[in-house]
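Step one of this worksheet: look at the structure below.
The values are calculated or read from the model by the stated rules, or taken from the named source; none is laboratory data. Source: prediction; values computed, not measured. Don't worry about glycine lacking a Cβ; one is built from the backbone with ideal geometry, like all the others, and counts go over all protein chains shown. The accessibility values were calculated without ligands, DNA or RNA, using every heavy atom of the protein model including side chains. Shrake-Rupley method; radii C 1.70, N 1.55, O 1.52, S 1.80 Å.
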Protein chains: 2
Amino acid sequence: MTVREQLLAAAARVYAEAGYRGATTRRIALAAGVNEITLFRHFGSKETLLHEAIARAGAEIESGELPEIPVDPVRELTRWARAHLAHMRDRRALIRTCMGEMEEHPGIISSIDKPPVRAAMALAGYLRRLRDGKLAAARFDEQVAATMLMGTLFGDAMGRDMMPEMFTRSTDASLREYVRLLLRGIGVAVDQADDT
Amino acid sequence: MTVREQLLAAAARVYAEAGYRGATTRRIALAAGVNEITLFRHFGSKETLLHEAIARAGAEIESGELPEIPVDPVRELTRWARAHLAHMRDRRALIRTCMGEMEEHPGIISSIDKPPVRAAMALAGYLRRLRDGKLAAARFDEQVAATMLMGTLFGDAMGRDMMPEMFTRSTDASLREYVRLLLRGIGVAVDQADDT
DNA sequence: CCTGCTTGCAAGCACCTACTTGCACAATTT
DNA sequence: AAATTGTGCAAGTAGGTGCTTGCAAGCAGG
């Protein structure tokens, strides 16, 4: 691991837990195990370093794919939602910090806010395919339904450690119920025992 | 408005848009239109002031009530969700900042995180009453269903200005669709035109 | 009229911030 | 063997931070 990469990783880590102002060049250099001056020689300024570090951290995205031709909605959607939820949960500190500072540092969030938009698009497309394939019988707006599931997963990823009293069931049990509720909501026949 | 109240209001405002470190005593005093020394004479320290200011801002809560005996689920739930969403949306800057700093300043969030828990409890109770009153026919976990709607509203309140591409429908149209999807998900008969 | 009480002003303290310069040392490359 | 490169160390810049002290001005109630 080169010094540059150590600095980028340390910068993302320190930023996630301390924010822009809290991520001082001393702390980042200490976390990276290099001298503070080396930081400036590599990146010139704190701003440059943080922008590059967060853009790199936000680019690490690959939420699972949704099938082009739906066959088993409960299984397919549960699998996708589980991957998406785990992904958000792993990055919750970074996401929270970015959200809290988006008004003060709007340039930083631009590297983070695209993945969820793409995920919502993919999900909406899948829900539309469910309807077109006569698997979902109700009339519904697939964009809004996709936003609903995304918001639910987002709320779970952000809220479960902040407000544990609100989450009585386990992550996985909740997840399966989310999917069941949504699918029933768009008119998919759901039998209780079917999950994975 | 006394000097104390001006300082508390200004502190909450500045904190919401700049965070703990960004809410310097000079900025707060300037925003309140008083001298910086007056701030210290009243509150002794920045920490004391911010704690009191945020506790006060978080205490301003009154999300609408849900009826004890459900009659018209779509109407009642839409009304409640609209009030709740508007409330979160109005306070989104403060909520975002608190979330971003909850790991660094855990004491601050303790004044903010109770209202949503109470709201989720009230909502879960209402959904249970729907089921007990035979208005909701499906088998479902009312806690998880309540968390789902709360997460959806939270995601809408936080995400609509951050990722406008994700929200194609208006706030109110989305809201009505959220409620419809959830109610159909728990087995309530929903006719398309019924909303308010 | 005078006595508290609140407030503002000027100045300053010690500390932290991002960032710079100059020099020395080592490894790698030429 | 020489030169380039990357790094660390010491020192220092100018500015912002929370917070303190001393003193004067206003404004109320006795």
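Quick notes on this one:
- Taking the range B:38-59 as the range and being within 16 Å of DNA strand C (Cβ to nearest atom), surrounded by 15 or more Cβ atoms within 10 Å (Cβ to Cβ) and either over 21 Å from B:M102 (Cβ atoms) or in contact (Cβ under 8 Å) with a residue 24 or more places away in the chain (or both) as the test, the residues that pass are B:T38, B:L39, B:F40, B:H42, B:F43, B:L49, B:E52.
- Given (1) over 11 Å from the mean Cα position of the chain (by Cα); (2) modelled with pLDDT of 95 or more, number of the condition B:I108 does not satisfy: (2)
- Verdict on A:L153 being at the interface with chain B (Cβ under 7 Å from one of its Cβ atoms), closer than 17 Å to A:R79 by Cα, of a type outside the set (K, R) and touching a residue at least 40 places away in the same chain (Cβ under 8 Å): no
- Taking the criterion of being near DNA strand C (Cβ under 10 Å from one of its atoms) and either within 25 Å of the chain's Cα centre (by Cα) or not assigned by TED's automatic domain parsing to the domain that holds A:E47 (or both), the residues of the range A:15-37 that qualify are A:A18, A:Y20, A:R21, A:G22, A:A23, A:I28.
- Residues of the range A:23-48 that are farther than 8 Å from A:L7 by Cβ, within 11 Å of DNA strand D (Cβ to nearest atom) and either assigned to a helix (DSSP H, G or I) or within 14 Å of chain B (Cβ to nearest Cβ) (or both): A:T24, A:T25, A:R26, A:L30, A:E36, A:I37, A:F40, A:R41.
- Of everything in the range B:116-145 that is free of Cβ contacts under 8 Å to residues at least 24 places away in the same chain and open to solvent by less than 10 Å² (accessible area, probe 1.4 Å), the residue that is farthest from the other protein chains (Cβ to nearest Cβ) is B:A124.
- For first residues located in the range B:103-115 and on the phi > 0 side of the Ramachandran plot, partners that are open to solvent by 40 Å² or more (accessible area, probe 1.4 Å) and in a loop (DSSP other than H, G, I, E, B) and lie 6+ apart or on another chain with Cβ distances below 9 Å do not occur.
- The residues of the range A:68-103 that are under 16 Å from A:A16 (Cβ atoms) and either not assigned by TED's automatic domain parsing to the domain that holds A:M148 or not in a helix (DSSP H, G or I) (or both), listed by number, are A:R91, A:M102.
- Residues (in a helix (DSSP H, G or I) and surrounded by fewer than 23 Cβ atoms within 10 Å (Cβ to Cβ)) located in the range A:155-173: A:A157, A:M158, A:G159, A:P164, A:E165, A:T171, A:D172, A:A173
- The set of residues in the range B:174-189 that are outside any loop (DSSP other than H, G, I, E, B) and more than 7 Å from every other protein chain (Cβ to nearest Cβ) comprises B:L175, B:R176, B:V179, B:R180, B:L183.
- Pair list, Cβ < 7 Å and 6+ apart or interchain, from the range B:177-190 residues that are at pLDDT 95 or above to residues that are in a helix (DSSP H, G or I) and basic (K, R): B:R184/A:R184; B:G185/A:R184
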